[in-house]
Amino acid sequence: MTRYTRRTLLKTGAAFAGASAFGFPSIVHGETEKIKIGHLTPLTGFLGALGAYATLGMRMAEEEINQAGGIMGRQLEVMSEDSVNPATAATKAQRMLEQDGVPVLIGEINSASALTIMQVADRNKKLFMQVGARSDALRGKNCNKFTFHVDIPNTVMVNTVGKALLRDNMVKDKKFFTLTADYIFGHDLLNAAKRFFGANQGNLIGDELIATDVTDFSPYLLKIRQAKPDVVCSNLAGNQVTTLIKQYAEFDLPYPIVGFNLNTADAWAAGDGNLAGTWPTVWYHTLDVPASKSFVEKFTKKNGKPPENHAWIEYVTFKMMAQAMNETKSTDTDKLIAYFEKETQFDVLKARKAYFRSWDHQLVQEAYTFSPRPKGQAKDKWDFIALGAAVPEANEPLEVINSTKEQNPCSL
Amino acid sequence: MQFGFLLEQVVNGLVLGGYYLLIALGLSLIFSVGGVVNLAHGAFYALGAYASVEITKYLGFGPAVVISPLAVAMLGILFERYILRRFYTADPILSLLVTFGLAMIAEQAIRIIWGAAPLSASIPPTFRGSIILGDFLFSRYRVMLLAVVAVVLLGVWLLLHKTSFGRVVRAGIQRPDMVAALGIRLQPYMTAIVMLGVGMAAMGGAFFAPITIVHPAMGAEIITVAFVVVVIGGLGSFWGVVIAALLVGVVRGITIHFVPAAGEASIYVLMFLVLLVRPRGLLGERIEKFE
């Protein structure tokens, strides 16, 4: 038998366990005559499931754009890769711009990775359509001229759910206990929540910062029980919300739970009977708008399952980008920025059209709340969630749920 | 009251430790007998979870948590026979490489078969809700889980210490050459140990599916903690792993009670301290082939 020391075995073992944190780049080829777009989204880790939906939405848009004759008569080719983590995301973004010569970057869900790609876009003076990351800081103090933001930011999510909470008398003089994802997105969401509680006389009696790799919430649930709040509020992200919902149902705590962030793929995974409370969403496949229904039908036929909100948002983002390139007849960064900055109205498959605000590059659009249906009323495993009415109401300007110029420190 | 809160965290930590135990004990056994750090152990945990979610759809939760570990244990035979067996006497770097690669293949295979989105799984209605004893709150499901772990633990202990099978395995850990000299082939025993180990990991996955997220990377998430438990407990020691698993659960709970932000780091600090004082782990035996 070969002789080796326990120490060697342990050291190498630990090194390997650690190495799993790194990703491996894939090799992508491109042809010069096509219009290439660089696409980065997390395909692994706690946001991986959302990234997989995002990729499906992107591929569907790519296919439709090409079938309709491409962009300015040229075929579109999307180079898509796993963004892995903020450092890898930045390296890949730089490589796509520098070596692969893509004129535009699109994608991301992770706020921390989005931030590093934004810096790359800024340095290279190239356009980055930041699709799915929701941290306020990205379109606030970290905003830059070369980045546009499609998804609803944290403030909008808080205001959307907040409207429902105010309606149900669940804020004034109530004690809140929050669980917050311990990275830029969570911190930012907590700040938005604090502003909302402060403005509406809610009391925050406890907050726990949760590392993104936590899979067991039982110690935190015990702390919640010890604090005896009136409402428990989740500021978590990705599939951690699913775990929280499942374990919250498991411990059967008597306090109502709400949350300021939950993606529908993660809600579906919670399972019937576990989900409770009111949550915000940017879009849901049961939305009663003809254009949205036709998108859902095509997507479901192609992929055998309905689209999640990240599939929808990638789809509309690529359509907006194609429209911008076709109408400006250019892939030039300045021309595209000017096109978006003139607050062009886009059909995003909702009742009202959306536009990018010129001063912070945020897409202003309708948002919704959703809640679980009463048990036994769901038609299928994707139907146990009921979508609430659009926020803001039809007679209010879309701007009211967004942060104001006074609240948002962005200067481009 | 503060003491009551702390005690609640300690008890909860013990329950959590019981769950780590299911994964770590198998890892430790395979490590002790074969000298192989099975980095693919988490993959069997994930497969156990996925299989149980699928079986639950057709047969219900009860049969699922029995069939899924058995099915994965069968897979363990192939794993041992065609992969692990070649590496018992080889440089450990090779077995690390091959099991690490296998873990990545398994994760991607799960992604291809079941998709990247997490599967939905729920606690069966009988075990929903909590039990309140005095000041303590327990999840009914976790109490059941703890009972299952206790039974499995007793079974494995009896198997290793009260049967002729166990005598050969324990002898094989210490002196494989002597076992061979007595005319006993260790290979069938090793196959059985790998079956037992990966079966327990799969059982952990099956039982944990309803309260965690069933997603492709779940195996990679658990392997690090299991590895920490094995290192703290020490090689070749049954009780070392048991104590380490419970200790890891309790230390994490107490840390979260006082310094929540350090919760996840606490178990690594614990490992560091234990290795500093006792490089062999808490109850690690001196195993000649590793010295």
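The values are calculated or read from the model by the stated rules, or taken from the named source; none is laboratory data. Just so it is clear, the model here is predicted, and its values are computed rather than measured. FYI the Cβ positions are ideal-geometry reconstructions off the backbone, even for glycines, and counts take in every protein chain you see.
A few remarks follow.
Every residue, every condition in (1) outside the structural domain of residue A:273 (by TED's automatic domain parsing); (2) touching a Lys or Arg at 6+ places or on another chain (Cβ under 9 Å); (3) part of a strand (DSSP E or B), yes or no:
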position: A:350; (1), (2), (3): yes, no, no
position: A:358; (1), (2), (3): yes, yes, no
position: A:371; (1), (2), (3): no, no, yes
position: A:389; (1), (2), (3): no, no, yes
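- Within the stretch A:226-262, tally of residues that are more than 19 Å from the chain's Cα centre (by Cα) and either of a type in the set (Lys, Arg) or over 20 Å from residue A:205 (Cα atoms) (or both): 7
- Restricting the stretch A:242-291 to residues that are closer than 23 Å to residue A:306 by Cβ and of a type in the set (Phe, Trp, Tyr), the residue that is modelled with the lowest pLDDT: A:268
- For residue B:235: the one exception among (1) more than 13 Å from the chain's Cα centre (by Cα); (2) part of a helix (DSSP H, G or I): (2)
- If the condition is being crowded, with 21+ Cβ neighbours inside 10 Å and under 23 Å from the mean Cα position of the chain (by Cα), then the stretch A:69-79 contributes only A:78.
- Identity of the residue in the stretch A:202-222, more than 14 Å from residue A:253 (Cβ to Cβ) and more than 9 Å from chain B (Cβ to nearest Cβ), that ends up surrounded by the most Cβ atoms within 10 Å (Cβ to Cβ): A:202
- Matching residues in the stretch A:223-249 - criterion: being facing another protein chain (nearest Cβ under 7 Å), out of contact with any Pro (no Cβ under 6 Å at 6 or more places or on another chain) and touching a residue at least 60 places away in the same chain (Cβ under 8 Å): none
- Residue count for the stretch A:122-140 under the criterion of being crowded, with 24+ Cβ neighbours inside 10 Å and in a helix (DSSP H, G or I): the result is 3.
- All positions within the stretch A:29-63 that are farther than 18 Å from residue A:238 by Cα, surrounded by 18 or more Cβ atoms within 10 Å (Cβ to Cβ) and touching a strand residue (DSSP E or B) at 6+ places or on another chain (Cβ under 7 Å): A:35, A:36, A:37, A:38, A:39, A:58, A:62
- Selection within the stretch B:252-273 - assigned to a helix (DSSP H, G or I), surrounded by fewer than 20 Cβ atoms within 10 Å (Cβ to Cβ) and β-branched (Val, Ile, Thr): B:254, B:269
- Exactly one residue out of B:246, B:235, B:275 is farther than 19 Å from residue B:50 by Cα and either among the acidic types (Asp, Glu) or free of Cβ contacts under 8 Å to residues at least 60 places away in the same chain (or both): that is B:275.
- Residue within the stretch A:398-407 that is among the small types (Gly, Ala, Ser), under 30 Å from residue A:144 (Cβ atoms), buried (at least 18 other Cβ atoms within 10 Å of the Cβ) and in contact (Cβ under 8 Å) with a residue 24 or more places away in the chain present: yes
- Pairs with Cβ under 9 Å, 6+ apart, first in the stretch A:278-296 and free of Cβ contacts under 8 Å to residues at least 12 places away in the same chain, second of a type outside the set (Ser, Thr, Tyr) and not in a loop (DSSP other than H, G, I, E, B): A:288/A:387; A:296/A:312
- Pairs meeting the criteria (first residue in the stretch A:164-175 and in contact (Cβ under 8 Å) with a residue 60 or more places away in the chain, second residue of a type in the set (Asp, Glu), beta carbons under 8 Å, at least 6 apart or on different chains) are A:170/A:230.
- Failed item in (1) farther than 16 Å from residue A:400 by Cα; (2) in contact (Cβ under 8 Å) with a residue 40 or more places away in the chain; (3) in a loop (DSSP other than H, G, I, E, B), with residue A:336 passing the rest: (3)
- Test result for residue B:213, within 30 Å of residue A:217 (Cβ to Cβ), surrounded by 24 or more Cβ atoms within 10 Å (Cβ to Cβ) and at pLDDT below 90: yes
- Scanning the stretch A:76-113 for residues that are among the basic types (Lys, Arg) and in contact (Cβ under 8 Å) with a residue 40 or more places away in the chain yields one hit, A:92.
- Flag for residue B:150 being part of a helix (DSSP H, G or I), more than 14 Å from every other protein chain (Cβ to nearest Cβ), touching a residue at least 12 places away in the same chain (Cβ under 8 Å) and among the small types (Gly, Ala, Ser): yes
- Yes/no for residue A:66 being out of contact with any helix residue (DSSP H, G or I) (no Cβ under 7 Å at 6 or more places or on another chain) and either modelled with pLDDT of 95 or more or crowded, with 19+ Cβ neighbours inside 10 Å (or both): yes
- Among the residues listed as A:291, A:267, the single one being among the hydrophobic types (A, V, I, L, M, F, W, C), surrounded by fewer than 17 Cβ atoms within 10 Å (Cβ to Cβ) and in a helix (DSSP H, G or I): A:291
- Residue among B:106, B:117, B:121 that alone is within 24 Å of the chain's Cα centre (by Cα), buried (at least 18 other Cβ atoms within 10 Å of the Cβ) and facing another protein chain (nearest Cβ under 8 Å): B:121
- Criterion (within 25 Å of residue A:284 (Cα to Cα) and part of a loop (DSSP other than H, G, I, E, B)) met by exactly one of A:65, A:109: A:109
- Residue match in the stretch A:255-262 (condition: at the interface with chain B (Cβ under 10 Å from one of its Cβ atoms), buried (at least 24 other Cβ atoms within 10 Å of the Cβ) and over 30 Å from residue A:36 (Cα atoms)): no
Table: residues versus (1) on the phi > 0 side of the Ramachandran plot; (2) in contact (Cβ under 8 Å) with a residue 40 or more places away in the chain; (3) surrounded by fewer than 24 Cβ atoms within 10 Å (Cβ to Cβ).
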site: B:27; (1), (2), (3): no, yes, no
site: B:35; (1), (2), (3): yes, yes, no
site: B:39; (1), (2), (3): no, yes, no
site: B:44; (1), (2), (3): no, yes, no
site: B:52; (1), (2), (3): no, yes, no
site: B:72; (1), (2), (3): no, yes, no
site: B:75; (1), (2), (3): no, yes, yes
site: B:83; (1), (2), (3): no, no, yes
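- Residues of the stretch B:166-224 classified as within 14 Å of chain A (Cβ to nearest Cβ), within 30 Å of residue A:270 (Cα to Cα), not in a loop (DSSP other than H, G, I, E, B) and not hydrophobic (A, V, I, L, M, F, W, C), total: 6
- Subset of the stretch B:39-52 (residues that are in a loop (DSSP other than H, G, I, E, B) and either in contact with a Leu (Cβ under 6 Å, 6 or more places away or on another chain) or of a type in the set (Ser, Thr, Tyr) (or both)): B:40
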